[in-house]
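Okay, so here's the structure we're looking at.
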Amino acid sequence: MNLQKIEAKLGAVNEIGCRLDDNLEGAQRDYHRTEGASIALKQAIASYETLVLSLDKELNENENLDLEIIKLTKKYLERGRLLLSGLQSAAENNKIIQSGKVQGFELAVSVAKKYRDEEMMKIQKIKDAIENDEIEQAGESFVQKDNLVEEKISKRQTGIRPSRALKERRISEENNLKI
């Protein structure tokens, strides 16, 4: 593996991680805003209920008012309560949506950080090996100094053929069944 390629990947992952972190902060800000809206609407509904009760009491005590006016007043007060209740439900739903966004961005940031840490470990491993005179860079790959065998530093195993394709397996199963 080429050290410059690893460093380039590290820079790209770092940039992506920074942007994801910025998006995470924005999502958290939106979550707190929607949570505040939900709490404010709950408090507004509670205040509205006390207002309705006191107004209802006054309407019932005042005998000079027409029955139609009292009905219309109560009707519009109920509409106002339903409107506030609907807004509060929408705010709760938005809070749940924002919570999901925050969790998604947190997961994405953790994956980017994990990948960045792995790349940093690769760089440190290569630099330590170069300092200890175990390997030296020859072109894009690294060569061990003791027996000059070219060895790429990676987790991939070489010399292993991938498994057969699904189509090949089905053909061989069909051939075995025909016998």
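Per-structure values
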item	result
Residue tally, condition in a loop (DSSP other than H, G, I, E, B) and within 18 Å of the chain's Cα centre (by Cα), over the stretch 1-51	0
In the stretch 59-80, the residues that are part of a helix (DSSP H, G or I), exposed (fewer than 10 other Cβ atoms within 10 Å of the Cβ) and among the acidic types (Asp, Glu)	Glu61, Glu68
Qualifying residue in the stretch 81-100 (condition: basic (Lys, Arg), surrounded by fewer than 14 Cβ atoms within 10 Å (Cβ to Cβ) and without any contact (Cβ under 8 Å) to a residue 60 or more places away in the chain)	no
Filter result (touching a Lys or Arg at 6+ places or on another chain (Cβ under 8 Å) and outside any helix (DSSP H, G or I)) within the stretch 99-137	Asp133, Glu134, Ile135, Glu136
Test: residue in the stretch 35-44 that is of a type in the set (S, T, N, Q) and either closer than 30 Å to Lys101 by Cα or in contact (Cβ under 8 Å) with a residue 24 or more places away in the chain (or both)	yes
Out of Val13, Val52, sole residue that is hydrophobic (A, V, I, L, M, F, W, C), out of contact with any His (no Cβ under 8 Å at 6 or more places or on another chain) and under 30 Å from Gln124 (Cα atoms)	Val13
Unmet criterion (only one of (1) modelled with pLDDT of 90 or more; (2) surrounded by fewer than 15 Cβ atoms within 10 Å (Cβ to Cβ)) for Ala108	(2)
Failed item in (1) of a type in the set (S, T, N, Q); (2) modelled with pLDDT of 85 or more; (3) surrounded by 13 or more Cβ atoms within 10 Å (Cβ to Cβ), with Ser47 passing the rest	(3)
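The values are calculated or read from the model by the stated rules, or taken from the named source; none is laboratory data. Predicted model only: the values in this text are computed from it and were never measured. Counting neighbours? That spans all protein chains shown, and the Cβs are built from the backbone with ideal geometry, glycine included.
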